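The values are calculated or read from the model by the stated rules, or taken from the named source; none is laboratory data. Because the structure is predicted, anything quoted here is derived from the model rather than measured. Using ideal geometry, Cβ is built from the backbone for each residue, glycine included, and neighbour counts are taken over all protein chains shown. Surface accessibility is based on the protein's heavy atoms, side chains included, excluding ligands, DNA and RNA. Shrake-Rupley method; radii C 1.70, N 1.55, O 1.52, S 1.80 Å.
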Amino acid sequence: VIAFYSGLIIYCESSLRALDRRELSDEEEHFRNMYNIALDIGEEDDNLCIDIPPDLGNDVKRYNATLGHKVNHSFRPNSEFVLFTAHPVLGTIMALTALEDMPAKMEV
């Protein structure tokens, strides 16, 4: 395990979001959803996501309970998200695991 990923558990299409993405430009939608990942758990109808609002996700002084949201996107990934069921404080949570051994300070 490299890092954990936790945040607000919401329905992916939730109307509780601060901004309704149907009214956003592509750039605004990308910014709003930059720290949002889908959970592959439960029934297909559940459609749950982990969401960290950008104002928190962009500032590690304000949100650093987990740091998996700081991982960069890659078309040749060296890690993947998995469901981790035994976190001692957060319980079932997403975790980032290495696909192979990595040297120290390698970008994930």
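Among the residues that make up the stretch 75-84, is at least one of them of a type in the set (Ser, Thr, Tyr) and under 15 Å from the mean Cα position of the chain (by Cα)? Yes, the conditions are met somewhere in the stretch 75-84. Report yes if some residue within the stretch 35-52 is at pLDDT 75 or above and over 18 Å from the mean Cα position of the chain (by Cα); otherwise report no. No, the stretch 35-52 contains no residue that is at pLDDT 75 or above and over 18 Å from the mean Cα position of the chain (by Cα). Figure legend. Inter-residue proximity from the stretch 64-89: first residues within 11 Å of Ile2 (Cα to Cα), second residues assigned to a loop (DSSP other than H, G, I, E, B) and among the hydroxyl-bearing types (Ser, Thr, Tyr), beta-carbon distance below 8 Å, spacing 6+ or different chains. Indicated pairs: Thr66/Ser6; Gly68/Ser6. If you filter the stretch 58-71 down to residues that are in contact with a strand residue (DSSP E or B) (Cβ under 9 Å, 6 or more places away or on another chain) and open to solvent by less than 70 Å² (accessible area, probe 1.4 Å), you find that the one that is modelled with the highest pLDDT is Thr66. Of the set (1) modelled with pLDDT of 80 or more; (2) surrounded by fewer than 16 Cβ atoms within 10 Å (Cβ to Cβ); (3) under 28 Å from Pro88 (Cβ atoms), all apply to Glu27 but (3). Screening Ala104, Ala65, Ala98 for residues that are under 18 Å from Leu8 (Cα atoms), over 11 Å from the mean Cα position of the chain (by Cα) and small (Gly, Ala, Ser) leaves exactly one candidate, Ala65.
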